[in-house]
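To keep things clear, I will list the structure first and then write my remarks on it.
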Ligand SMILES: C[S@@+](CC[C@H](N)C(=O)[O-])C[C@H]1O[C@@H](n2cnc3c(N)ncnc32)[C@H](O)[C@@H]1O
């Protein structure tokens, strides 16, 4: 087993080892509220490191055309097995840092949850490059960013929302709003912040 979170093997070992501490057993209530709110018109959405796909399927049920990306084979298989025929998603078993060029500039939304804190912090500039590259002008980044103030080491690696906002702002995204969600699951309340940005 590798201890390098840049590799699919690291994550695949986690999936094979049993229950994962990051899973909520369903979509986060924060995204349930957003999906139901009507604030975001259905459109093309991409979800990095989608895991078992709960958040991806949630937005698909609300009419979004969702592409869920994960490079761990077990995660990709699980998402295929859990497809809802009435609201299918596109499952892409691929590395976020090596996506097909054809996807550039076509998405209305990037939906981030528990991914940026999972990747090697040295790759955050590259992460922001990919986010900015995938969005069309006017497209939005919806990120529930955390864990804020995680202990040293990782994953998860600590995420400061201000840092992610700055990385995306440097790539042409403007902050629309940020919020401490009252409906974060209890164990993440106060350590994750909702950030919405738009690509100019
Ligand atoms: C901590 S898990 C979170 C999964 C999901 N977002 C959730 O909230 O349950 C991180 C996920 O990102 C995936 N992942 C990590 N690095 C990746 C990369 N470079 N490309 C694609 N997927 C990646 C892992 O396989 C894992 O499923």
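Computed quantities for the displayed model
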| quantity | calculated |
| --- | --- |
| Those residues of region 1-52 which are under 15 Å from residue 94 (Cα atoms), more than 8 Å from the ligand (Cβ to nearest atom) and under 16 Å from the mean Cα position of the chain (by Cα), in sequence order | 46 |
| Residue that is farther than 18 Å from residue 23 by Cα, in contact (Cβ under 8 Å) with a residue 40 or more places away in the chain and in contact with a strand residue (DSSP E or B) (Cβ under 7 Å, 6 or more places away or on another chain), where the choices are 139, 149, 143 | 139 |
| Test result for residue 130, away from the ligand (no atom under 13 Å from the Cβ) and part of a helix (DSSP H, G or I) | no |
| Matching residues in region 137-153 - criterion: being surrounded by 14 or more Cβ atoms within 10 Å (Cβ to Cβ) and closer than 30 Å to residue 101 by Cβ | 139, 140, 141, 142, 143, 144, 145 |
| Near pairs, Cβ below 8 angstrom, 6+ apart or cross-chain, from region 154-180 (in contact (Cβ under 8 Å) with a residue 40 or more places away in the chain) to any residue that is in a helix (DSSP H, G or I) and exposed (fewer than 13 other Cβ atoms within 10 Å of the Cβ) | 167/125 |
| Region 54-95, residues that are buried (at least 23 other Cβ atoms within 10 Å of the Cβ) and near the ligand (Cβ under 8 Å from one of its atoms) | 55, 69, 70, 75 |
| Residue match in region 152-162 (condition: over 17 Å from the mean Cα position of the chain (by Cα), modelled with pLDDT of 95 or more and under 24 Å from residue 9 (Cα atoms)) | no |
| Boolean, residue 124 is touching a strand residue (DSSP E or B) at 6+ places or on another chain (Cβ under 8 Å), on the phi < 0 side of the Ramachandran plot and not in a loop (DSSP other than H, G, I, E, B) | no |
| Every residue from region 96-108 that is assigned to a loop (DSSP other than H, G, I, E, B), buried (at least 16 other Cβ atoms within 10 Å of the Cβ) and away from the ligand (no atom under 16 Å from the Cβ) | none |
| Counted residues, region 172-182 - those being part of a loop (DSSP other than H, G, I, E, B), surrounded by fewer than 16 Cβ atoms within 10 Å (Cβ to Cβ) and under 18 Å from the mean Cα position of the chain (by Cα) | 1 |
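The values are calculated or read from the model by the stated rules, or taken from the named source; none is laboratory data. Computed from a predicted model, the values in this text were never measured in an experiment. Neighbour counts run over all protein chains shown; Cβ positions are idealised from the backbone, glycine included.
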